Amino acid sequence: MNASFTIRRYQPEVRDDPYYETFEFEAEPTDRVLDGLNHIKWHMDGTLALRRSCQHGICGSDAMRINGRNRLACKTLLRDVGADVTVEPLMGFPVLKDLIVDFDPFFEQFKEVKAYLINDEPPPEKERLQSPDEAARYGDTSKCIQCGACTGSCPSFWPGSGFIGPAAVVQAHRFIFDTRDSGSDERQSVLDGREGVWACRTVFNCTKACPVGIEVTRAIGEVKRALSWDET
Ligand code: FES
């Protein structure tokens, strides 16, 4: 097939404004968008900047906007999106270069919600036991690969209002509903604050964007209920 990739470029060392550039090349329908981007970078324009690592949907490096929807380039086949592909960086994040956005604030939000196990009890002799049902309570949100596709699809996040974004709430959910964790009170001020979960308008973009199928909007709703009724 004749593939045509139109890419939103931003090369701050060359020019101040972003622009779109189209590359045409031969590709197979079973090629991934990442294969096309690699072809452009390796054979047509070495200055194209993008992140990728595992190339198998594990590391979350290559989330980007593909034909208007956030996806992983390594998990998106040309036969599913067509030969004419528009590729843009995730919305709502500062763009550093081409398809690379600044993720430092994204990971700062994980720190804000304390996305780690908090338990000041002395550790038991062996592990902290948990039943399969208890583990299932946060099983969905534990699948998060931290790619930013959900946060970059959220209209409440785009304007830079300070909303912590769906990914940070997913991270908080992972620990709030873990019976071994006792840090819910420490997370409350951020989650219940002006920039916390209540900025979510239940648009469901995040659930549609998640490449690993997390029910993000549902998780956000569960965190809202937990804050309202203290039902953790
Ligand atoms: S390169 Fe790792 S998820 Fe796509």
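The values are calculated or read from the model by the stated rules, or taken from the named source; none is laboratory data. What you see is a predicted model, and the numbers here were worked out from it, not measured in a lab. Positions of Cβ are generated from backbone atoms using ideal geometry, with glycine treated the same way; all protein chains shown enter the neighbour counts. Just the protein is used for accessible areas: all its heavy atoms, side chains included, with ligands, DNA and RNA removed. Shrake-Rupley method; radii C 1.70, N 1.55, O 1.52, S 1.80 Å.
Data table
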| quantity | calculated |
| --- | --- |
| Among Asp45, Asp98, Asp178: highest mean-square fluctuation, GNM of the chain, C-alpha pairs under 10 Å | Asp45 |
| Modelled FRET efficiency - R0 22 Å, Asp80 with Val203, Cβ distances, 0.05 increments | 0.40 |
| Loop sites in the range 113-162: GluC sites (Glu not before Pro), DSSP, at most 16 other Cβ within 10 Å | Glu125, Glu127 |
| Degrees, to the nearest 10: 216-229 long Cα axis against longest axis of the chain | 30 |
| Asn67 versus Glu134: modelled label distance in nm, points set 7 Å from Cα along the beta carbon direction | 4.6 |
| Fully extended contour minus Cα-Cα distance, from Tyr116 to Glu215, at 0.36 nm per residue | 33.6 nm |
| Value at 222 nm in deg cm²/dmol, rounded to 500, when DSSP H runs of n ≥ 4 in the chain each add -39,500 (n - 2.57) | -7000 deg cm²/dmol |
| Rg to Rh, two decimals, where the range 141-231 supplies the alpha carbon set and Rh follows Kirkwood | 0.94 |
| Mean projected area (nm²) of the alpha-carbon convex hull when the range 65-187 is viewed from all directions | 10.1 |
| Solvent exposure of the chain as accessible area per residue, Å², 1.4 Å probe | 51 |
| Cys residues of the chain counted as unpaired, since no other Cys beta-carbon is under 4.7 Å | Cys74, Cys144, Cys147, Cys154, Cys200, Cys210 |
| Loop GluC sites (Glu not before Pro), the range 6-83 (other Cβ atoms within 10 Å of the site Cβ: 11 or fewer; DSSP) | Glu13 |
| Residue with peak Gaussian network fluctuation, the chain [Cα springs, cutoff 10 Å], from Ala167, Ala83, Ala63 | Ala83 |
| Of all accessible heavy-atom area on the chain, the percent that carbon and sulfur account for (1.4 Å) | 48 |
| Candidates Val14, Val203, Val170: whichever shows maximal mean-square fluctuation once the chain is modelled as a Gaussian network with Cα springs under 10 Å | Val14 |
| Straight-distance crosslink candidates among lysines, where the alpha carbon sits under 27 Å from Lys111 and sequence neighbours closer than 8 are dropped | Lys97, Lys143, Lys208, Lys224 |
| Gained length - Glu28 relative to Arg225, 0.36 nm times residue gap less alpha-carbon distance | 66.2 nm |
| Against the rule of thumb 2.2 N^0.38 Å, how large the Cα Rg of the range 1-146 comes out | 1.35 |
